Amino acid sequence: MWSPRSILCPLPSGQAVPAVLPPIVQWAQRLDIPLHVTPWPQANPAEGLAPGASVPQARLHKQVQAVGPADAALDLHTEAWAQETFTMADWQAYVARHSIDLVVLSPPTGGAPSPLLSVPGAASMIAGIASAVLTLPGRTASEPFTHVLAPTDLSEDAVPTLHHAEAIARFTNARLDVLHVLTRRQYVALTPADMLALDDATATPRAATRRLRTWYHRYTHPTYTTQEATELHVEQGDPVSTITRVARSYPAPLIVLAATHHPTRNDALSTLTENVLRRTTCAMLLTRPRAHSLVEPLPHEAAAHNIPS
């Protein structure tokens, strides 16, 4: 199911092989796909590469190769490190030129966990490309994913994101948690008795649970057969705070969201995606199902079987 064609990982200045790179090297070897390693792009072209960042290409190549098993080949590309400067425009052009469909970002914030968007330029790095983006703040090779959290609004547009969540859950042997968030209706100038009578905390969640179960079983990918490792959840509250709270309740979560763009702001992510990125230090997979799908396409017969009647 999980079938990216290439991976790109920009490295922070002065840090040749960060702790986050070993699992990415293993992914590339396991999938037998190219791995591109570039410098973290500079926001100011005049700065050039920071001291220590201009690692000789051959040395960097050897260091990254050494991360994986000795008997496993790795198609590694480090040519971007030969440039004296590597700007945001250079990086975006590199992603497009090499048809990168999965970018892995680990923010250069040291050892302390920090939201990715706290790093200057990170928002532009995500919004300025058409590739899927995997953020790994503060993760190491010793922390495999235990839960993949897939928030959904139960629409047909959310189906490709569900398939990405199922694919990455199977690939990483993690449990899949599908989450639907209900926004509580606001009542003004009502007594507590009125609030109790009108509260949607009982009937509506039960109906939403049935809708979620129906939606999931209708649209789940036909090749995803590990239903015993899937949990369906309905929560009530603000979507951003609920998603981040549920994710934090798991030991090593990965949140899967569609990287939709803001309807009025150019080169900006949707409000929900951006706010979740700003408020969590959990890993996130931002999918681009309309541009680059990382999931094997459905056979015609299976796709027809999944079309609702």
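Nothing in this text is a laboratory measurement; each read-out follows from the coordinates by a stated rule. Since the model is a prediction, treat every value here as computed from it, not as a measurement. With ideal geometry, Cβ positions are generated from the backbone for all residues, glycine too; neighbour counts draw on all protein chains shown.
Brief remarks follow.
- Between Q42 and F86, T87, M88, the built amide H atoms are under 5 Å apart, and every one of these is 5 or more places off in sequence or on another chain.
- Exposure proxy order (Cβ contacts within 10 Å, fewest to most) of D101, D71: D71, D101
- Per-residue Cβ neighbour rank within 10 angstrom, fewest leading, E84, E166: E84, E166
- With neighbour counts taken as other beta-carbon atoms within 10 Å, the residues L277, L117, L182 rank, fewest first, as L182, L117, L277.
- A simple spin-label model places pseudo-atoms 7 Å from Cα toward Cβ; at Q63 and D153 they are separated by 4.3 nm.
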